[in-house]
1. Specify whether the C-alpha gyration tensor of the stretch 3-109 places it in the rounded, prolate or oblate class, a ≥ b ≥ c being the square roots of the eigenvalues: rounded for a/c under 1.5, otherwise prolate if a/b is larger than b/c and oblate if not.
2. Give the cross-link partners of residue 14 among the aspartates and glutamates, using a straight C-alpha distance below 16 Å as the criterion and excluding same-chain residues fewer than 8 apart.
3. Treat the count of other C-beta atoms within 10 Å as a stand-in for reagent exposure and order 63, 41, 95 from fewest to most.
4. Please list, in order along the stretch 7-16, the HN-Hα scalar couplings obtained from phi with the Karplus expression 6.51 cos²θ - 1.76 cosθ + 1.60 (θ = phi - 60°), rounded to whole Hz, x for Gly and Pro.
Amino acid sequence: MNKARLLKVIEAVKARPVRLFNMKYWKRANCKTVCCAIGSYIERNPDCGLALHSCLNAPGCFYPSGPVGDGIAAVAAHLEITENAVIKLFISESYKKATRAAVIARIEQFIRDHDQPAPAGKEER
């Protein structure tokens, strides 16, 4: 788990106005993607190593990509978590109600559940 990057996702979600946060869409004019949380992160951190690309033959559809793949696989590799964790954290169907507060709380809980102290002499990423 790349805690520093997950914390930046939280910052990006907190910065997104509530009225513009919508986890039900891969792309909205006011959000941009992979279920809004990751789209907000990419938008706020343009040099993060992930990018958004338009889907072919699907107007308004965007997907994230990175050095090791596209979609969920790219996000998983970037955040150093499993694809199942990406689905649980960032796909709207994983929530009863995917509000901004619920997404933030789930990411924070995931960090608490998976946080391990760095070995002596190694700094946190």
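1. Details: a/c = 1.36, a/b = 1.10, b/c = 1.24.
Here the stretch 3-109 falls in the rounded category.
2. Answer for residue 14, where 16 Å is the Cα cut-off: 43, 108, listed by chain and number.
3. Fewest to most other Cβ atoms nearby, the residues stand as 95, 63, 41.
4. Ordered by residue, 3J(HN,Hα) equals 5, 5, 4, 4, 4, 5, 5, 5, 6, 6 Hz.
Values in this text are rule-based calculations from the coordinates and carry no lab data. In this text, all values refer to a predicted model and were calculated from it rather than measured experimentally. Methodologically, a virtual Cβ is constructed for each residue, glycine included, from the backbone with ideal geometry; neighbour enumeration extends over all protein chains shown.
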